[in-house]
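Colleague: What follows is a single structure, and I will ask about it in a moment.
The values are calculated or read from the model by the stated rules, or taken from the named source; none is laboratory data. Being a predicted model, the structure only gives us computed values, none of them experimental. The accessibility values were calculated without ligands, DNA or RNA, using every heavy atom of the protein model including side chains. Shrake-Rupley method; radii C 1.70, N 1.55, O 1.52, S 1.80 Å.
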Amino acid sequence: MKERNKNEEIEFLLQELNRIFKQETGISLENSMKASDYINGKNDFEEVSDRFLRDHWPSLVKSKGRDYKIDEETDKKKKQTNTLNSKTINKLNLIAKSIGYKNWEDFCLKYKLDTEKEFTGMDYFKFSSLLEGETVYIGWYPQRYCKLKYLGEYSFEVIESCRMRSSVGRIIETSGFRLAPTSDRYFFPEVIIEPLYEYQEELWNAIEYFNKETCPQEILL
């Protein structure tokens with residue numbers, strides 16, 4: 001399994017804020033001069049500089065390979081912390097307010113609700129409708145997902161993985177995929193692989209008493 005970036009969830013949120021800003025205003029946050037002028041025109045006192053936008057959003061542009069373009073200096077900064085400092089949050093508040101949210105936290109809360117609503121899962125009742133060799137997406141395409149090939153008999157092969165825990169080539173036997181319970185408002189929930197058999201009590205108990213830090217890796221997609 002590949003190790004996840006500690007800042008992954010924050011990067012998703014920043015990327016989504018960038019997408020929504022462009023959708024609402026017609027301006028990309030990467031167009032730092034125009035974007036900062038627009039944002040500051042919506043706020044009376046504090047300002048977001050074009051330098052701030054240049055420092056944050058260039059690292060969140062997807063490449064053709066679906067990876068973020070991160071220069072060495074930005075990557076070094078990301079490894080030093082997995083949280084946003086208060087100064088950055090203040091700027092994010094202004095950006096979020098400029099597109100109709102109360103603040104950055106309001107954006108995160110509403111995005112979290114959308115994340116749960118937009119999750120694509122599947123249970124064993126739907127497996128009977130799949131043809132052997134058919135592919136399905138589990139997760140949040142194209143942001144975070146696994147593309148699976150149905151092998152028949154409740155088995156799948158991971159043929160594409162984007163910011164998930166599973167590596168390409170993994171074979172999964174399961175009775176379904178669903179979101180793990182979480183109290184974290186800002187993060188993408190983990191995707192649970194339900195065990196195939198009832199006698200796998202250890203795995204079922206790990207799901208019932210889910211703990212992201214201690215759960216078996218085999219139940220995470």
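Colleague: Over region 106-191, what percent of the accessible surface lies on carbon and sulfur atoms, probe 1.4 Å?
Modeller: 51 percent
Colleague: Can you tell me, using C-alpha contacts under 8 Å and at least 6 residues apart, the relative contact order of region 123-162 as a whole percent?
Modeller: 34 percent.
Colleague: Across the Cα atoms of region 92-188, what radius of gyration and what greatest pairwise Cα-Cα distance (Dmax) are found, in Å?
Modeller: Rg and Dmax of region 92-188, Cα atoms, are 16.6, 52 Å.
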